[in-house]
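Following: one structure in C-alpha cells, then a few remarks.
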Amino acid sequence: MKNDYSKIAKRISIISIVVIIIGYFLWTILFPIQDINTLTDAELLATQKQFALNYSLGRFLLYLGFTGVIGSSLYLFMKAIQKRIMPNR
C-alpha cells in the first residue's frame, strides 16, 4: 500500500504536465502580433482575451496543472527524504 501513493503521485504529475500544456495552448494567442512591444499591459491582456482560443479555461488549466505538479512533487520529495532518513520503513 505504501507504493500505491507514490504511483498515484507520479501519475498526477504526468497528468498535470499535460494539463499545463493544454492550458497554455488555450490561454495564449496562436498567431503573431505585429509590434507587441508598443502595446500596454491592459491592451495586451484585452487582445489576449479576445484572440485566445479560450482564455479563462486555459488560465484555469494552467493554475490547476501547476498546483498538481507542485503538490505531487512535494509529496514525492518528502517520501524520498523520509526513505533516506528511515530506510527500514
Query raised in the report: Of everything in the stretch 24-42 that's in a loop (DSSP other than H, G, I, E, B) and among the polar types (S, T, N, Q), which residue is nearest to GLY58 (Cα to Cα)?
Result: THR28
Query raised in the report: Of all residues in the stretch 10-58, which are touching a helix residue (DSSP H, G or I) at 6+ places or on another chain (Cβ under 7 Å) and either at positive phi or small (Gly, Ala, Ser) (or both)?
Result: SER13, SER16, GLY23, ALA52, GLY58
Query raised in the report: In the list LEU45, LEU74, LEU53, LEU61, which residue meets the criterion of being surrounded by 14 or more Cβ atoms within 10 Å (Cβ to Cβ), of a type in the set (A, V, I, L, M, F, W, C) and either in contact with a Leu (Cβ under 7 Å, 6 or more places away or on another chain) or part of a helix (DSSP H, G or I) (or both)?
Result: LEU61
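Each value in this text was obtained by applying a stated rule to the coordinates, not by laboratory testing. Worth saying up front: this structure is predicted, and the values here are computed from it rather than measured. Note that we place each Cβ from the backbone using ideal geometry, even for glycine, and neighbour counts take in every protein chain shown.
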